[in-house]
Amino acid sequence: MCTASNYITDNHYFGRNFDYEISYNERVTITPRNYKFEFRKIDAIESHYAIIGIAAGIDGYPLYYDACNEKGLAIAGLNFAGNAVYREMEDEMVNITPFELIPYLLGKAASVSEARELLAEINLVNINFADELPLSPLHWMMSDENEAIVIEPMADGLKIYDNPVGVLTNNPPFDKQLFYLNNYRALSNKNPEKTFGGDFDLDEYSRGMGAIGLPGDLSSSSRFAKVAFTRANSYSDSDEASSVGQFFHILGSVEQQNGCTFITDPDLYEYTIYTSCYSTSNGILYYRTYHNSQITAVDLNREDLDSTELINYLLINEEQINFIN
């Protein structure tokens, strides 16, 4: 389970909570422009946009969970169990595997608009990365400074949805998630007027009563509504530090604490392994992990982007505590 969001101030910010029960030694991976992207069913791409993101700890190929390219286009893949359908090869289509989608789109597209054109020709084929690494059932949120979309591989084809709320979680499919927001249309960041009826008074006994009814559980539908409300009502100054801080607070509203979502014995629970935030116009990836609350940053533009070799930084998972005396 996961939650992705964007946030717009003077710049565009994008990121996600990665919620899972097992870590795969995630790392920050930078793919420079001249790293050779090999694909299973199409020709390799030898030159492309530089990419920064968080990937599984697999040597030799960037299995990105979420990423952003040097043009400011960002994407995240989220669990979509029970709905994602991958297909057989189709002639006249660009046949790529789901784990190749992020490198393919970010390598070639500078905007959501350009990505839409590529997606019109893509067929996501059912080919595992390896026998020990079968495909995950996924859908994707993609965003730039102008628009956001959701990409869903369904039984009746690849669906592309405009995303006006700038949020994605898991199930059900995005169009149904968006419809369910109608149930919360009366919520507000202001305390409501009394409309209960009857000739008696009701007290305004607390701040925040305009959001009574906003869900607080950890299901994907509830997280969708919670973070959509939080994002829509978020306020911050527009400088980088304030915007990044607010973004982490937005996703912090649906963070999963270890122990609250039981998976299986012995003592296995889903929790927010990391939270990422891409300052897309600046090429900076900020992140926090479950065991390290300090914000850590990696700047794409401080690397040799014309290199041919992947650049990796292990996530800092030990708590960084700042003593001031």
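Could you give the size of the charge dipole of segment 82-162 about its Cα centre, using +1 on the Cβ of each K and R and -1 on the Cβ of each D and E, expressed in debye and rounded to the nearest 20? Please report the intermediate quantities before stating the final value.
Numbers: 4 positive and 16 negative charges, 29 e Å.
Result for segment 82-162 is approximately 140 debye, rounded to the nearest 20.
Taken about its Cα centre, the chain carries a charge dipole of about 540 debye when Lys and Arg each add +1 at the Cβ and Asp and Glu each add -1 at the Cβ. With R₀ set to 25 Å, the beta-carbon distance separating E21 from E132 gives a calculated FRET efficiency near 0.90.
Once the convex hull of the alpha carbons of segment 142-207 is built, what does its volume come to per residue, in cubic angstrom?
Numbers: hull volume 9.4 nm³, N = 66.
Considering the Cα atoms of segment 142-207, their hull volume per residue is 142 Å³.
How would you order 133-141, 120-128 from highest to lowest mean count of nearby Cβ atoms within 10 Å?
Numbers: 133-141: 19.2, 120-128: 16.4.
So the order, starting with the most tightly packed, is 133-141, 120-128.
Taken one residue at a time, the phi angles of segment 71-80 give Karplus couplings (6.51, -1.76, 1.60, θ = phi - 60°) of 8, x, 9, 10, 8, 9, x, 10, 4, 9 Hz. Gly and Pro are set to x. With the convex hull of the Cα atoms taken as the outline of segment 166-325, the averaged projected area works out to 16.1 nm². Is the C-alpha gyration tensor of segment 78-182 telling us rounded, prolate or oblate? Criteria: a/c under 1.5 is rounded; beyond that, a/b larger than b/c is prolate, otherwise oblate. Oblate, since a/c reaches 1.5 and b/c is not below a/b. Multiplying the residue separation of D175 and M89 by 0.36 nm and removing their Cα-Cα distance gives an extension gain of 28.3 nm. Any idea what angle helix 240-252 forms with the longest principal axis of the chain, computed on alpha-carbon atoms, 0 to 90 degrees, nearest 10? Taking Cα atoms only, the helix is inclined about 70 degrees. Under the classification rounded if a/c is under 1.5, otherwise prolate if a/b is larger than b/c and oblate if not, where does segment 210-286 fall, given a ≥ b ≥ c as square roots of the Cα gyration tensor eigenvalues? Judged from the Cα gyration tensor, segment 210-286 comes out oblate (a/c at least 1.5, b/c at or above a/b). Taking the C-alpha atoms only, the angle from helix 220-232 to the longest principal axis of the chain is near 80 degrees.
Starting from the exponent 0.38 and prefactor 2.2 Å, build the expected Rg for the chain from its residue count and divide its actual Cα Rg by it. Intermediate values should be presented prior to the final figure.
Details: Rg = 20.5 Å, N = 325, 2.2 N^0.38 = 19.8 Å.
Against the empirical 2.2 N^0.38 Å value, I get 1.03 for the chain.
Sort 15-23, 176-184 by packing, meaning the average of other beta carbons within 10 Å per residue, with the highest value first.
15-23, 176-184
Which value in Å is the Kirkwood Rh of segment 5-99 over different Cα pairs? Display every interim value, and only then the final one.
Details: mean 1/r = 0.0649 Å⁻¹.
Here the Kirkwood hydrodynamic radius works out to 15.4 Å.
All of the numbers you see were taken from the coordinates with simple rules; none came from a lab. This structure is a prediction, so every number in the text was calculated from the model and none was measured. Here Cβ is always computed from backbone atoms with ideal geometry, including for glycine, and neighbour counts include all displayed protein chains.
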